[in-house]
Structures are given as structure tokens and as C-alpha cells.
Amino acid sequence: MANKEEAGRRVKVLFYLHAILQILAVLLATVGAVMSIKNFENSFSNHHQRLGLAFYAAIWMQTFIGFFRPPRGTKRRNTWYLTHWIIGTVTSMMGIINIYTGLKAYHKKTSRNTAASSSFRSRPRDQCKHPKGQPKGMYCQA
């Protein structure tokens, strides 16, 4: 009996942890969307902006669905669970894809290198000291 109670407590803790973290993520995404609208040209002319708008709608729809969870044991609960899981999984994938479309859009707009390895290991060429006779690339090793 104690194991069943302990397992029930764990599930409850995980549920509340999931809910709190997801609400924080939605609020953070909302702050990001507001900052984007205030600070950037949002003509929705590139994939990043359009996918971001769809992503934003999906996270709010997912949040809304999460708040209307039917009680366990009802027929609607299985449908709700499957819907919530599918939308959550697709939304997570959309978020990851949108990171890369954003990096691509940033590179296209600024011509800056967006590779993570370049960000950590390299510095702009105007800070490099090149040996005589060596070609100057855009980035050099630190």
C-alpha cells in the first residue's frame, strides 16, 4: 500500500512540475513574441516568422487544452490525452525547427556566421592577427 501511495505522490509531483514548467515556457514565448513585434519588422515574409506565428498559436491552444483535462476513467480522457500529446510533440518539433529557420533568416539578413561552433571558437577577423602571407578569412581561430 505504501508503494502505491508513493507512486501516486510522484505522479502528482511530476504533473505539477510539468504544468509549472509549461506555463513558464508559454509566458517566456509570449515575452519573446511581444519583443519581436516591438523590435523587428514583422511582415511575415520568411519561414521563421510564419512558423513562429503558427508555433505561438499552437502553444496557446495546447495550454488551453491542458486546462480542460477531463477526469480519469471517462471516455473523453483518452481522446484528450492523445490530442494533448500529439499537439505537444508537434509543437516541440516546430520550436526546434523554428530555431534553425531563425538562424538561417538571421544569416541571410546579416551575412554573419550562425554556426554554434563558430560562435564559441572563433572571433571576427578584425580581431585576428594573421601571419604574413596567410589569407584572411572571415573568422579565425581564437
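The values are calculated or read from the model by the stated rules, or taken from the named source; none is laboratory data. Note that this is a predicted model, so its numbers are computed, not measured. Note that each Cβ is placed from the backbone with ideal geometry, even for glycine, and that neighbours are counted across all protein chains shown.
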Only one of T89, T114, T110 that is among the polar types (S, T, N, Q) and at pLDDT 90 or above: T89
For residues in segment 66-76 being part of a helix (DSSP H, G or I) and modelled with pLDDT under 95, which is farthest from Q49 (Cα to Cα)? K75
Which residues, taken from segment 9-58, are farther than 21 Å from Y106 by Cβ and over 15 Å from the mean Cα position of the chain (by Cα)? R9, R10, V11, K12, V13, L14, F15, Y16, L17, H18, A19, I20
Return the pair list, or none, for Cβ contacts closer than 9 Å from residues in segment 30-52 that are at pLDDT 85 or above and part of a helix (DSSP H, G or I) to residues that are surrounded by 12 or more Cβ atoms within 10 Å (Cβ to Cβ) and of a type in the set (D, E, K, R), at least 6 apart or on different chains. H47/K104; H48/K104
Could you tell me which residue of segment 46-78 is surrounded by the fewest Cβ atoms within 10 Å (Cβ to Cβ), considering only residues that are touching a helix residue (DSSP H, G or I) at 6+ places or on another chain (Cβ under 7 Å) and hydroxyl-bearing (S, T, Y)? T63
Would you mind stating whether L17 is assigned to a helix (DSSP H, G or I), exposed (fewer than 11 other Cβ atoms within 10 Å of the Cβ) and among the aliphatic types (A, V, I, L, M)? yes
